[in-house]
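The values are calculated or read from the model by the stated rules, or taken from the named source; none is laboratory data. Since the model is a prediction, treat every value here as computed from it, not as a measurement. Backbone-built Cβ (ideal geometry, glycine too); neighbour counts: all protein chains shown.
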């Protein structure tokens, strides 16, 4: 499902305009992004938990190359599905 499809489904279900629904979805995603950028955990009961993990710097040897490449430390988003989501997907 694409974001535009989600917006259309929610607009029909909630009887809102697509423009209003798009603003709601964008605000929702923006707030989750801000929280993750600040290192907070985002828990959506029944859906799952989003958090970030810090990966240490490391050196890797890319396939087919002779020199090691340095990868700097970085924070990456992670997600663990909730019980209700796991049951729905089974």
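Values for this structure:
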| item | result |
| --- | --- |
| Helices (runs of 4 or more DSSP H) fully within the chain counting 2 or more residues that are at pLDDT below 95 | 83-89 |
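Residues are listed down the side, and each one gets a yes or a no for (1) under 26 Å from residue 87 (Cα atoms); (2) in contact (Cβ under 8 Å) with a residue 24 or more places away in the chain:
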{"residue": "3", "(1), (2)": "yes, no"}
{"residue": "9", "(1), (2)": "yes, no"}
{"residue": "22", "(1), (2)": "no, no"}
{"residue": "35", "(1), (2)": "no, no"}
{"residue": "43", "(1), (2)": "yes, no"}
{"residue": "48", "(1), (2)": "yes, yes"}
{"residue": "52", "(1), (2)": "yes, yes"}
